[in-house]
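Asks: Here it is, the structure, as structure tokens.
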Amino acid sequence: MLCVNYNRIRVLVPSIATPLSLVESLGFGFGRKVLCPVPIVIGLDEPPVVPDFLEALSLKDWVPVKVSAYETRWAGPNCAAPFLEKLRMEGLDAIVFTSTAEVQGLLKSLSELGFDWEMVRKRWPGLVVAAHGPVTAAGANSLGVSVDVVSSRFGSFEGVVEALMFKLGYQ
């Protein structure tokens, strides 16, 4: 049971599943506090999504209480090695990113391995790049990774899988 007074509970479903759409759905805070469980980012730059979300809440007169709830951590200099190996051996059709941190981590590892994204695109020009929603797509583009497919239904991973299947001709 969340609360004995059910009148205090309201389920909000933003029209678009993004942090800024959630802020719009919440409306004005009138100085009330809101708990914001967010990641600690280790070994990568913090993507702007969290600071932008907290700032948007503040602009709507909420008092965001930031709590580090989990870690987003770079997997290390060799984390792109399996990706490159799969490209070489199996000729992957696509890569799906679900966060800007994933893109940044891949690029950082590619650099450690003597590659950059342009080299990957030139060597495997048919590789389709998909993003699980517009926030991830914008983050990827800001890092120089052009996105071919962006899911318009990103409440679950089904949307990005369907968009990718359509792009690859599996209708």
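The values are calculated or read from the model by the stated rules, or taken from the named source; none is laboratory data. All values reported here derive from a predicted model rather than from experimental measurement. Cβ coordinates were reconstructed from backbone atoms using ideal geometry, including for glycine residues, and neighbour counts include every protein chain displayed.
Asks: Please state which one of VAL129, VAL103 is touching a residue at least 40 places away in the same chain (Cβ under 8 Å), crowded, with 17+ Cβ neighbours inside 10 Å and touching a strand residue (DSSP E or B) at 6+ places or on another chain (Cβ under 7 Å).
Replies: VAL103
Asks: Restricted to region 132-160, and to residues that are in contact with a strand residue (DSSP E or B) (Cβ under 8 Å, 6 or more places away or on another chain) and among the aliphatic types (A, V, I, L, M), which residue is farthest from VAL13 (Cα to Cα)?
Replies: For region 132-160, the residue satisfying everything is VAL145.
Asks: Restricting to region 1-34, and then to whatever is touching a strand residue (DSSP E or B) at 6+ places or on another chain (Cβ under 9 Å) and farther than 24 Å from GLY133 by Cα, can you tell me which residue is surrounded by the most Cβ atoms within 10 Å (Cβ to Cβ)?
Replies: So the residue we want is GLY29.
Asks: Let me ask another. Just give me the residues in region 110-144 being assigned to a helix (DSSP H, G or I), over 24 Å from GLU158 (Cβ atoms) and among the hydrophobic types (A, V, I, L, M, F, W, C), in sequence order.
Replies: If the condition is that a residue be assigned to a helix (DSSP H, G or I), over 24 Å from GLU158 (Cβ atoms) and among the hydrophobic types (A, V, I, L, M, F, W, C), then LEU110, TRP117, MET119, VAL120 are the ones that fit.
Asks: Considering only region 43-80, state which residues are in contact with a Phe, Trp or Tyr (Cβ under 7 Å, 6 or more places away or on another chain), of a type outside the set (D, E, K, R) and on the phi > 0 side of the Ramachandran plot.
Replies: If the condition is that a residue be in contact with a Phe, Trp or Tyr (Cβ under 7 Å, 6 or more places away or on another chain), of a type outside the set (D, E, K, R) and on the phi > 0 side of the Ramachandran plot, then GLY43 is the only one that fits.
Asks: Oh, and also: With (1) in contact (Cβ under 8 Å) with a residue 40 or more places away in the chain; (2) touching a strand residue (DSSP E or B) at 6+ places or on another chain (Cβ under 8 Å) as the list, and LYS108 as the residue in question, which single condition is left unmet?
Replies: It fails just one condition, (2).
Asks: Name every residue in region 132-169 that is under 13 Å from THR98 (Cα atoms) and of a type in the set (Val, Ile, Thr), in order of residue number.
Replies: Result: VAL135, THR136, VAL147, VAL149, VAL150, VAL160, VAL161.
Asks: Assigned to a strand (DSSP E or B) and either modelled with pLDDT of 90 or more or under 15 Å from the mean Cα position of the chain (by Cα) (or both): is that true of PRO77 in this structure?
Replies: no
Asks: Find the residue count for region 42-73, including only residues that are in a loop (DSSP other than H, G, I, E, B) and either among the small types (Gly, Ala, Ser) or in the same structural domain as ALA137 (by TED's automatic domain parsing) (or both). Outline the logic, then answer.
Replies: Keep residues of region 42-73 that are in a loop (DSSP other than H, G, I, E, B), which gives 43-48, 60-62.
Next cut, either among the small types (Gly, Ala, Ser) or in the same structural domain as ALA137 (by TED's automatic domain parsing) (or both) only: 43.
Count: 1.
Asks: Assuming LEU84 fulfils every condition listed in (1) more than 17 Å from the chain's Cα centre (by Cα); (2) part of a strand (DSSP E or B) apart from one, which condition is it?
Replies: (2)
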